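Notes follow the structure.
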Amino acid sequence: MSANVLTFFSQQLLRWHDPAARPLPWKGIRDPYLIWISEIILQQTRAAQATPYYYKLTERFPTVESLATAPIDELLSLWQGLGYYSRARNLHFSAQMIMNEHGGSFPKEYKDILALKGVGKYTAAAIGSFAFDLPYPVVDGNVIRIISRYFDLDLAVDSKEGLAQINRLVQEVFVAKKAAAFNQAIMDFGATVCIPKNPACDTCPLQEHCLSFTNKTQALRPIKTKKIKRKTRHFNFIYLHTDDAVYIQKRTEKDIWQGLYQLPLFEGEAFSKKTALKKEVKRSWENTFGLEPIFTHKQLLTHQIIHCIVWEAKLINTSFDKIVDALWIRKEDLSQYGFPKSLTLFLQDNSLI
Ligand code: SF4
């Protein structure tokens, strides 16, 4: 690789970058805690959707200590709608780790940042460079796309060799002395110029040496081989309620949505049929009658497809006062609990939250 091509990339990228362009609330800040919160939210969320959550979370939890000492249910409830709830659980866990192992001060060394739960190399590089000028380049999907186009790489980027090649090239174009500026520039470049579909090649500052541009292979880069296999699951939720209250459960199993709340669940395709489900519901709650599907939703997760049906079961002669079960929640209190997306939509549709 000629040195000219490598230095051209770095110089042009830094020259092109305007730190004031694409303003975002977490951009340019040096507080590692706030950067950490923003980076965790951004792991699976676009900037526009992330912004109100960033404000909500940092307002309620302005310090590591406030996050570490908050009940996890409160964090999960605020996280509602963002999905990938393990991010919130990891944030909470790591905040406690910072209190216990670092005396409440955010760690300053790359290895210690990387040791926090939920923090991978990308996030550690972002926090380390933005807060402490640590010389680590960020490598995420955007960076992989830019590099594989600029160098027109024909190795699959989801193979070990392909990723190793990307990492090597990133190290070569990275400007360690300007780590924060370089990382911010490449993030902005991937979000605004070398975007996944229809990159703005005509006005691109890297065009002169971009091999994909020369070879007209932009649309073919990066190459990926693996297709994500998704497992299909059928969730049948039972909406068991009185005039005042709804029966909910906490998801405690090590599974998706751990720590969130749900309506009682019968999982399996067999239970998507009324007769089979009715038998099970009757076995669990004798004082129910009727069973009707009142809401359906299909939720796509990275590795799973969830078919949800909410069935309404009616109760005989039961009022909220007579039921002595901790999981009967007053309808007006439902908004204090975090639910998975499908159930949030159901509760919103029924004006319950
Ligand atoms: S010329 Fe096009 S493909 Fe190449 S880096 Fe620029 S935007 Fe990306």
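Things to note:
- A residue that is open to solvent by 60 Å² or more (accessible area, probe 1.4 Å), more than 25 Å from Tyr33 (Cβ to Cβ) and not aromatic (Phe, Trp, Tyr) cannot be found anywhere in the range 96-113.
- Of the candidates Ser212, Ser148, the single residue that is near the ligand (Cβ under 9 Å from one of its atoms) and open to solvent by less than 30 Å² (accessible area, probe 1.4 Å) is Ser212.
- Answer residue from the range 52-97, given it is among the polar types (S, T, N, Q) and within 18 Å of the chain's Cα centre (by Cα) and is nearest to Tyr337 (Cα to Cα) among those: Ser77
- The residue list Asp188, Asp154, Asp133, Asp158 contains one member that is out of contact with any strand residue (DSSP E or B) (no Cβ under 9 Å at 6 or more places or on another chain), in contact (Cβ under 8 Å) with a residue 60 or more places away in the chain, among the acidic types (Asp, Glu) and within 25 Å of Gly28 (Cα to Cα), which is Asp188.
- Of the residues Thr232, Thr252, Thr225, Thr203, the single one that is free of Cβ contacts under 8 Å to residues at least 60 places away in the same chain, open to solvent by 30 Å² or more (accessible area, probe 1.4 Å), of a type in the set (S, T, N, Q) and away from the ligand (no atom under 16 Å from the Cβ) is Thr252.
- One residue alone among Gly290, Gly338 is under 26 Å from Gln43 (Cβ atoms) and small (Gly, Ala, Ser), and that residue is Gly338.
- Pick from the range 117-130, criterion free of Cβ contacts under 8 Å to residues at least 40 places away in the same chain and assigned to a loop (DSSP other than H, G, I, E, B), ranking: farthest from Lys178 (Cα to Cα): Lys117
- Condition check for Ala185: in a helix (DSSP H, G or I) and exposed (fewer than 15 other Cβ atoms within 10 Å of the Cβ): no
- Considering (1) among the basic types (Lys, Arg); (2) within 13 Å of the ligand (Cβ to nearest atom); (3) assigned to a helix (DSSP H, G or I), the lone condition that Lys178 does not fulfil carries the number (2).
- Yes/no for Thr296 being exposed (fewer than 13 other Cβ atoms within 10 Å of the Cβ), closer than 30 Å to Phe9 by Cβ and in contact (Cβ under 8 Å) with a residue 12 or more places away in the chain: no
- From Ser38, Ser10, residue being surrounded by fewer than 20 Cβ atoms within 10 Å (Cβ to Cβ) and assigned to a helix (DSSP H, G or I): Ser10
- Flag for Glu65 being assigned to a helix (DSSP H, G or I) and at pLDDT 95 or above: yes
- Exactly one residue among Val143, Val138, Val173, Val157 is more than 11 Å from the ligand (Cβ to nearest atom), modelled with pLDDT under 95, open to solvent by less than 30 Å² (accessible area, probe 1.4 Å) and not charged (D, E, K, R), and that residue is Val157.
The values are calculated or read from the model by the stated rules, or taken from the named source; none is laboratory data. On a predicted model such as this, the values are computed, not experimentally measured, just so you know. Counting neighbours? That spans all protein chains shown, and the Cβs are built from the backbone with ideal geometry, glycine included. Note: accessible area is taken over every heavy atom of the protein model, side chains too, but ligands, DNA and RNA are not part of it. Shrake-Rupley method; radii C 1.70, N 1.55, O 1.52, S 1.80 Å.
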